[in-house]
Amino acid sequence: MPPVPPTERRRIPGLRLFTMTAGLQRVTLIVGLGLVAIFVFVAIFAPLIAPYGLAQNSSDGVGFVAQQPPSGQHWFGTSVRSEDVLSRVIFGARTALFVIAISLVMSLVVGVPLGLVSGYIGRALDRVLVLFMDAIYAFPTLLLAIVVSIVVAGGQSSSFGGVLSAAVAITAIYVPQYFRVVRNATVAVKNEPYVDAARVTGASTTRIMFRHILANVTQSLPVIVTLNAGDAILTLAALGFLGFGIEPTQAAEWGYDLNKALSDVSNGIWWTGIFPGTAIVLVVLGLTLVGESLNEVLNPLLRTRRALSPATVASDTLIVPVLEKDVPAAELTAAELDRVDEADSDPEGPAR
C-alpha cells in the first residue's frame, strides 16, 4: 500500500499564538484582548449604545441640568455644557478608534517603504533619509504634533478635518520609528543567500524588496503597532486637552472633556473628569498589555530564556534533541529557536 500523505490540520488563526502563552502571561494577554475588544465594540456601535447625541443637551424639549450628578437618567452625570457624560465617553471611543486607525495605517504606508528603499539601496539616498528621519525623531513629540495639527487643520472645524489633522499629527511622530526598524532590519538581511539568489535569477529591485525582504523584516511590527496605538490615544488626549484637537460640537474627544472638567474638581464635581480619564487609562492599559504579551511570545530569545531552568541558565548550555546537538543558548539562530519552540509546543514531539 502506498503511504498516505499526512493531512494538515487546520488551526484557528491566532490559536497557536495563544497556546504559546502560559500562567501570568496568558492572563495578561486575555485581559488586554478583553479591554481592546470592549473598546472596539463600543467605538463601532457608539450610535446604538449612547443614550444621547455627543453634543445633545436636551430631550423632548426639556434641557438637561448642568453638572448634574450620576442618576438614573444620566448614569455618568452631565457636564458644564449640560451634555450627557456617558454619551461623550462612548462617542469619544469612536473618535479615538478613527484617529488610531488612520494614523497607524498612514505611518505604515509611509515608513515601511521608505525603510525598505533606504536600507536596500543605501548610498546617498540612505544618508539623506536617515538624516531627515533622525531630525524628526529628535523633535519633541507633543510639540511636533501641535505644529502639524495647526498646519493641517487650517482653521477647519469639521469632524473630518479635525480627525484628519489629529491623525496626520500622530503619523508624523511614528513614521521615523517604522522607518528605523525596517531600515535596520533590511540592512541586516539584504546580503543573505536568498536575496543573492533572487538577484541571480534576474528579479527586479522592487520585487526583491517587497517580495523577498519585506516578509523577513516586519516580524516586530505587530508589537510596535500595538504599543503605538496606546501612545496615540495619549497623544490625541494631550492635543484635545491643550485645545488643538477636534471641535467639541463635531466629535467627542476625551482630552477636551478632561480640560473642561478642571474647574469642576475644586467644586467637588468629580464625574465630569473621572469617567473620561478612566476610559483613557483602560484603553491604553489594554493595548499595552497586548503589546507586551506579543513581544514576549514573538521574541525567540525571550521564549528560550523562559523555557530554560535555573540550572541550565547557569551552565548556559541548551540540549536540543530536535537539532541533534548541544549548543550554547546564546548561539542559537532565530530559525533554530523557532524549530525548538515548535518541537516544544508539539505534545508528540521530543522533549528538550
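Brief remarks on what is shown
- For the range 53-138, the share of accessible area belonging to carbon and sulfur comes to 69 percent (1.4 Å probe, ligands and nucleic acids excluded).
- The range 67-135: trypsin sites (Lys or Arg not before Pro) in DSSP loop, at most 16 other beta carbons within 10 Å: ARG81
- Enclosed volume per residue, in Å³, of the convex hull spanned by Cα atoms of the range 24-76: 116 Å³
- For peptides 284-296, 184-196, sequence by mean Cβ density within 10 Å, most packed first: 284-296, 184-196
- On a per residue basis, the range 18-142 carries 51 Å² of accessible surface, using protein heavy atoms and a 1.4 Å probe.
- Each part reduced to its alpha carbon centroid, the range 210-260 and the range 52-81 end up 29 Å apart.
The values are calculated or read from the model by the stated rules, or taken from the named source; none is laboratory data. Keep in mind that this is a model prediction, so the values were computed, not measured. Cβ atoms come from the backbone with ideal geometry, glycine included; neighbour counts cover every protein chain shown. Please note that ligands, DNA and RNA were not included when accessible areas were found on the heavy atoms of the full protein model with its side chains. Shrake-Rupley method; radii C 1.70, N 1.55, O 1.52, S 1.80 Å.
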